[in-house]
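Report on the structure given below.
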């Protein structure tokens, strides 16, 4: 068996450094996940009640775009009276116009919220926007969403 050596082009240190630094600078501006598209947001408020009519006193409401105009997910903390105000990128700035599916994230035992928390205070179908059957259309202007009554 016979082997053939392949000759590679020679790079000096300056050329290699220039190429490496240039590539690093070029790629450093790519993929910034913290940039929020510049879309108009509209105030959205609502309330969440349990099956017994009492307010859900903690957790989070999450509006997930279901196509159409809406491009940003919006969410809001549920207060002690069951009320919430949605925000997308700033304190209670609202949601962009469009259609949404909604999920309810209950408070966890540690006082934080999360989709994977096991709950017994309401039906677990509300933990996923695909199964919750909660749908909302956000329109231009102020939006007072009808109360979500969890069953």
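Read-outs throughout are calculated quantities, based only on the coordinates presented, and are distinct from any laboratory measurement. A quick note: this is a predicted structure, and the numbers were derived from the prediction, not measured. Cβ: placed from backbone, ideal geometry, glycine included. Neighbour counts: every protein chain shown.
Overview of values
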read-out	value
Proxy reagent accessibility, fewest Cβ within 10 Å first, across 142, 124	142, 124
Inter-label distance, nm, simple model (7 Å from Cα along the C-beta direction), residue 121/residue 149	2.0
Normalised per residue, the volume of the convex hull around the Cα set of region 41-149 (Å³)	94
Label-point separation, residue 108 to residue 133 (7 Å along Cα→Cβ), nm	2.9
